[in-house]
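The structure under discussion appears below in the form of structure tokens.
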Amino acid sequence: MEVEMRIRGLLVDPVNNTPIVILKDANSDTVLPIWVGVFEASAIQMEIEKVSTPRPMTHDLIKNVLSGLDAHVHKVVVTELKDDTFYAVIWMERDGRIISVDSRPSDALALALRVDCPIFVDEEVLKTSKKAQTAADPATNEDLRKWLEGLGDEDLGNYKM
């Protein structure tokens, strides 16, 4: 089963200075942090802030190519968490044919923002993520989870390059 999520914001991990995309369940307080690269975080933040560039960036190019091919992105799904790596799939349709494309979650999220499609996380990923956090270091990860769940609007979206 898939859980619909929304991008709640971006912030920088205070421990290792890595960008984190915060996904939040559309119907509960469940959050899923996904650590991403600097360039991917910038692409996501630029779209959140609706910053336009004089030339298309990579995810804008993908959107334009899909549009030119008359392909419609239906949804993106974070499908798996394996060896501390998240996996995602972009689901699209072209000429009545459903196509799934393997993707890094950061790229799938950046594209989802640009094409305004829903974002989902497989329920098993949410369970696995919680188990992995508990197994790694219960005190630290519980503190991180509480900190993430307690973030307010003023705390999110402050990621800057």
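Condition first: farther than 15 Å from Leu109 by Cβ and of a type outside the set (Val, Ile, Thr). Can you find one or more residues in segment 28-39 that meet it?
Looking only at segment 28-39, we keep the residues that are farther than 15 Å from Leu109 by Cβ, and these are 28-30.
Add one more test, that the residue is of a type outside the set (Val, Ile, Thr), and what stays is 28-29.
Among the residues of segment 28-39, at least one is farther than 15 Å from Leu109 by Cβ and of a type outside the set (Val, Ile, Thr), which makes the answer yes.
Collect the residues in segment 64-85 that are of a type in the set (A, V, I, L, M), out of contact with any Pro (no Cβ under 6 Å at 6 or more places or on another chain) and surrounded by 12 or more Cβ atoms within 10 Å (Cβ to Cβ), keeping them in residue-number order.
The initial filter retains those residues of segment 64-85 that are of a type in the set (A, V, I, L, M), namely 65-66, 69, 71, 73, 76-78, 81.
When the remaining residues are screened for being out of contact with any Pro (no Cβ under 6 Å at 6 or more places or on another chain), the result is 65-66, 69, 71, 73, 76-77, 81.
Hits for segment 64-85 are Leu66, Ala71, Val73, Val76, Val77, Leu81.
Restricting to segment 76-99, name every residue that is charged (D, E, K, R) and without any contact (Cβ under 8 Å) to a residue 40 or more places away in the chain. Write out each step before concluding.
Restricting attention to segment 76-99, the residues satisfying the condition of being charged (D, E, K, R) are 80, 82-84, 93-95, 97.
Scanning segment 76-99 gives Lys82, Asp83, Glu93, Arg94, Asp95, Arg97.
Taking the condition surrounded by fewer than 20 Cβ atoms within 10 Å (Cβ to Cβ), under 30 Å from Arg97 (Cβ atoms) and either without any contact (Cβ under 8 Å) to a residue 12 or more places away in the chain or of a type outside the set (A, V, I, L, M, F, W, C) (or both), does Ser52 pass? Lay out the reasoning, then the answer.
On the way: surrounded by fewer than 20 Cβ atoms within 10 Å (Cβ to Cβ): yes; under 30 Å from Arg97 (Cβ atoms): no; either without any contact (Cβ under 8 Å) to a residue 12 or more places away in the chain or of a type outside the set (A, V, I, L, M, F, W, C) (or both): yes.
The answer is no for Ser52.
Does Leu66 fit the bill of being over 30 Å from Lys130 (Cα atoms), hydrophobic (A, V, I, L, M, F, W, C) and in a helix (DSSP H, G or I)? First the steps, then the outcome.
Numbers: over 30 Å from Lys130 (Cα atoms): yes; hydrophobic (A, V, I, L, M, F, W, C): yes; in a helix (DSSP H, G or I): yes.
So Leu66 passes the test.
Of everything in segment 1-43 that's part of a loop (DSSP other than H, G, I, E, B) and hydrophobic (A, V, I, L, M, F, W, C), which residue is surrounded by the fewest Cβ atoms within 10 Å (Cβ to Cβ)?
Here is the first cut: in segment 1-43, the residues part of a loop (DSSP other than H, G, I, E, B) are 1, 13-18, 26-30, 36-37.
This time we only want the ones that are hydrophobic (A, V, I, L, M, F, W, C), so: 1, 15, 26, 36.
Working: Met1: 6, Val15: 8, Ala26: 13, Val36: 23.
Among those residues, the one meeting the criterion is Met1.
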Next item on the list: Exactly one condition in (1) under 18 Å from the mean Cα position of the chain (by Cα); (2) more than 16 Å from Ile22 (Cα to Cα) is not met by Leu66; state its number.
Entry: (1)
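Looking only at segment 1-24, which residues are in contact (Cβ under 8 Å) with a residue 40 or more places away in the chain and more than 16 Å from Ser103 (Cβ to Cβ)? Spell out the reasoning first.
Taking segment 1-24 as the starting set, the residues that turn out to be in contact (Cβ under 8 Å) with a residue 40 or more places away in the chain are 1-12, 19, 21-23.
Passing the criteria: Met1, Val3, Glu4, Arg6, Arg8, Gly9, Leu10, Leu11, Val12, Pro19, Ile22.
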Check: Hey, Leu81 hits all of (1) touching a Ser or Thr at 6+ places or on another chain (Cβ under 7 Å); (2) farther than 19 Å from Asp102 by Cα; (3) not hydroxyl-bearing (Ser, Thr, Tyr) but one; which does it fall short on?
Finding: (2)
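Here, each number is a calculation from the coordinates, and none is a lab measurement. This is a predicted model, so every value here is computed, not measured. In this analysis, Cβ positions are derived from the backbone assuming ideal geometry, glycine residues included, and neighbour counts consider all displayed protein chains.
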